[in-house]
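S.K.: One structure coming up, written as structure tokens, with questions to follow.
Readers should treat all values here as calculations from the given coordinates under stated rules, not as data from a laboratory. As the structure is a computational prediction, the values presented were derived from the model and not from experiment. Here the Cβ is made from the backbone with ideal geometry for all residues, glycine too, and neighbour counts use every protein chain on show.
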């Protein structure tokens, strides 16, 4: 197989749920020899224990696995040099727990935001401000529901929906929403922290 070039690309963090982790679960492979790529993809890279775990792995371990099967191939890495492999034990009860946690977080964020908005409106005394506007324009404050309050409420709701742009499958913009940006930033920082910790503790799985 001399002269064969295999391109590999690993993401910073990869999550699997099968105990037997194949090479295709860990890295993306590309090469002109499609049969070889198919064979390499189905190589067993490692077998996980029966518990959730995060494993820091060096890309050299991936190269070692490939060379053990295909001697003499040239490997070009175009991805991460170290990455995290997250194994999560599949469990239906755990899914229910995850959905419950998600629901609690959503409700907390919703009522928290509502409380913050009401507190903001109270601090600046929006009601008194509207009364002054009515007095200046109409000469009286009036009673009952007024057009300014209704417009303010509708505008606030529409503004929030447009800002987050995350409530339907169709989005107003192709740009990632603020929530998506914060989640990706968190995931990146978390993966970096795990890699640093594993490196300092000497727990990174490397080539022999």
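S.K.: For the chain, give me the percentage of DSSP beta bridges that are antiparallel, rounded to the nearest 5 percent. Mind dumping the intermediate values first?
M.R.: Details: 12 of 21 bridges.
About 55 percent, rounded to the nearest 5.
S.K.: So if I restrict to the alpha-carbon atoms in segment 92-201, what is the Rg, and what is Dmax, the biggest pairwise distance, in Å?
M.R.: 21.6, 74
S.K.: When the Kirkwood radius is taken over all Cα pairs of the chain, what Stokes-Einstein diffusion coefficient follows at 10 °C and 1.306 mPa s, in µm²/s?
M.R.: Translational D for this selection: 72 µm²/s.
S.K.: Of 19, 132, 190, which has the largest mean-square fluctuation in a 10 Å C-alpha GNM of the chain?
M.R.: Looking only at 19, 132, 190, the largest GNM fluctuation is found for 132.
S.K.: Between the helical axis of 92-123 and the dominant principal axis of the chain, each derived from Cα atoms, what acute angle in degrees is found, rounded to the nearest 10?
M.R.: Taking Cα atoms only, the helix is inclined about 30 degrees.
S.K.: OK, next. Which of 108, 65, 177 moves most in a GNM of the chain, Cα contacts under 10 Å?
M.R.: 108
S.K.: Return the single residue from 60, 85, 138 with maximal mean-square fluctuation; model: Gaussian network over the chain, springs between Cα atoms under 10 Å.
M.R.: Looking only at 60, 85, 138, the biggest GNM fluctuation is shown by 138.
S.K.: Okay, helix-only estimate at 222 nm for the chain: each DSSP H run of n ≥ 4 adds -39500 (n - 2.57), divide by all residues, round to 500 deg cm²/dmol; what do you get?
M.R.: The helix-only estimate for the chain comes to -17500 deg cm²/dmol at 222 nm.
S.K.: Could you tell me what fraction of 2.2 N^0.38 Å the Cα radius of gyration of segment 83-130 comes to, as a two-decimal ratio?
M.R.: Scaled against compact globular proteins, the figure is 2.04.
S.K.: Same structure, new question: Applying 1/(1 + (r/R0)^6) with R0 = 22 Å to the Cβ-Cβ distance of residue 47 and residue 101, what FRET efficiency is obtained, to the nearest 0.05? Could you put the intermediate results ahead of the total?
M.R.: Details: r = 29 Å, r/R0 = 1.32.
E(calc), rounded to 0.05, equals 0.15.
S.K.: Hey, another quick one. Go ahead and run the numbers for FRET between residue 201 and residue 128, Cβ-Cβ distance against an R0 of 41 Å, rounding to 0.05.
M.R.: Efficiency at R0 = 41 Å is approximately 0.10.
S.K.: If you take all C-alpha pairs in segment 5-87, what percent of them are over 14 Å apart?
M.R.: 59
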